[in-house]
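The values are calculated or read from the model by the stated rules, or taken from the named source; none is laboratory data. Note that this is a predicted model, so its numbers are computed, not measured. Glycine gets a Cβ as well: all are built from the backbone with ideal geometry, and neighbour counts include every protein chain shown. Keep in mind that these areas ignore ligands, DNA and RNA; they rest on the heavy atoms of the full protein, side chains included. Shrake-Rupley method; radii C 1.70, N 1.55, O 1.52, S 1.80 Å.
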Amino acid sequence: MRVIDERLSLTSPSDRHSRADRRGRETTESRADGPTCPSSLIVVSNRQPYRHEYDDAASAAGDDQSAATATVETRTDGAAPEPTAESGDRSITVDEPTGGLTAGLDPVLKQSAGTWIAWGDGDADFDVADEQNCVAVPPDDPSYTLQRIDLSDEAVDSYYYGFSNRVLWPLCHGFTDLVEHRSNDLEWYRTVNERFAEAVCEHATADSVVWLQDYHFALASRMIRETVPRSTTVAQFWHIPWPTAATFQHCPAGRRLLEGLLGNDLLGFHVDRYVERFLDCVDRSLPAAAVDWGQRTVTYDGETTRVVATPMGVDTESYDRNARSSGSSQLSSLLERYDIERETVIGLGVDRLDYTKGIPERLAAIERFLEWNPSWHGEFTFVQTATPSRTEIQTYERHGELVRSEVKRINQRFGIQDWDPIVYTEDYLTATELCALYRRADLMVVSPLVDGMNLVAQEYVAASVDGDGTLVLSQETGAHETLGSQALTIDPTDIDGFAHQLERAVSLPAHERKRRMNTLRNRVFDGNLEWWMKTQFDWIRAVKTERHRSDSTRDTDSGADRDTDSDSDMEFGPHEPSSSV
């Protein structure tokens, strides 16, 4: 058993300085050399970076400070929003990005004075916007335009909870038995994609870069390409897995989705196997498409799409900083809140409550571990934080009920006075609280049945500033391709094998834990969110240059030398995006 007082940071001041210079920690130099978009940037995402909500409690209490928040918002015409019949004197609060891609892109949009187009899901969103549903953000320093798309309840139910998450999400994760075909969902999905595409076209110029995010917009890219100037660059990143051709055949309108995605100049996935699966689906489903497997390009309908793999990272600096700033009093408060003994060995799971995350299989492995190791009863506690998600979909609601019932059953089976083996919570944890748990956890279990990347594994590594934790990682995550050699690999469906790796994790010698974690931290800091965005923009510059050359060649004599249009003249090859890798 390891005592908490022995888990003090072993990183020397000189090591910290080195990591600040070499591993992506924020410095004056790194801030000045952050990711920059090659042209005016238009981001399209389902989730918005800033959300305006009414704070009726503050209004009722006469909270002058919160009320002032509503008056500092700036419309794109520079005027403060006029009070509406709906708003009156009600206070408005602003939810701002706290992590992930949203927080990472925010400074890039500020720098480029670009445009972000997203679904406006806050109840005060449109009362602070202008007639075009635009608002200048951030609230305290307006630097770019946020245009909100107003979706009806029916549109949200069919486009988001319907086709996006009843068809594409289960299909891409291989759960074909959970795919639900509802009569209006596909048409609403097409309609919403069309509305987003129309919004893009209002802002796009010949030099713009349009960057769409994820599976909510599989049809939008082609709609955009057919309307914007030819020199406009259209790119998309698909953040979830791409299914095998055998699975993809279950997709309704699969051909239309492929055609839509081939409206992009650049299409990105996290890892190589998703690129290969996508090309295979195109090769099988679109006979008119020419797939170049070597260059990873598809030529279809006179246009070429380059398909690339770049694994997404996390904001390592913020997780490192939050972990270091988490004091012993904050950790003590967390342990006391959840009735966890200070000296117990702690396992941790952090997940959305989603059937792809493998939580029931994880609980079964913990149960098997406890069966085999009665000596660990009272000495090992597994903390599972779960965030309820998409509860409007019955499959998710049933899954949550299953997880909660399994936790209860296992605790009843093994729990003793003053100790339950599993602490389960759906509480909201602040970023600092989460990093305090990451830092304290002896082992982190990341065991999805399938996952496009899984950023939680990287968050844990970035917050493991003491270098003394162990990552137990599913082989079915995209993150396994870069972290797997230094993690303890599991097949999440092999319960006995999973339990054996838990046994190994709690008994690894200190020197091996530190060696593995040191290598993991180097990899996670080297491939952080800033690196990922720089690499994306390197690729965008490359395809933009290639499109310009191709268009220039079309305007020359057909018999002229066309060597300048070859792939070998690109700034870098399709599998080596830049020297910063």
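Of note:
- Protection proxy ranking of 353-361, 518-526 - average other beta-carbon atoms within 10 Å, highest first: 353-361, 518-526
- Whole-percent carbon and sulfur share, accessible surface of region 387-428, 1.4 Å: 45
- Ordering of 390-402, 458-470, 163-175 by packing is 458-470, 163-175, 390-402, highest average first (other Cβ atoms within 10 Å, averaged per residue).
- Rounded if a/c under 1.5, otherwise prolate or oblate - region 316-526, Cα gyration tensor axes: rounded
- Ranked by solvent-accessible area (1.4 Å probe, protein heavy atoms only, all chains present), the residues Lys110, Lys408 order from largest to smallest as Lys408, Lys110.
- When nucleic acids and ligands are ignored and a 1.4 Å probe is applied, His377 ends up with an accessible area of around 50 Å².
- Projected label points at Asp494 and Asn184, each 7 Å from Cα along the beta carbon direction, are separated by 4.8 nanometres.
- Shown here is the pair-distance distribution of region 283-339: with all Cα-Cα distances grouped in 10 Å bins from zero up to the longest one, the shares run 17, 23, 13, 11, 13, 19, 3 percent.
- Pairwise FRET efficiency - Asp207 versus Ser332, Cβ, R0 = 41 Å, nearest 0.05: 0.15
- Measuring between their Cα centroids, region 357-399 and region 434-476 lie 15 Å from each other.
- Annotation note: GluC sites (Glu not before Pro) in region 202-279 located in DSSP loop regions with a Cβ neighbour count of at most 12 within 10 Å are Glu226.
- Within the full protein context, the accessible area of Arg549 is estimated at about 70 Å² for a probe radius of 1.4 Å.
- A 1.4 Å probe run over region 316-526, with the rest of the protein chains in place, finds 37 Å² accessible per residue.
- Region 316-526 - percent relative contact order, Cα under 8 Å, separation 6 or more: 26
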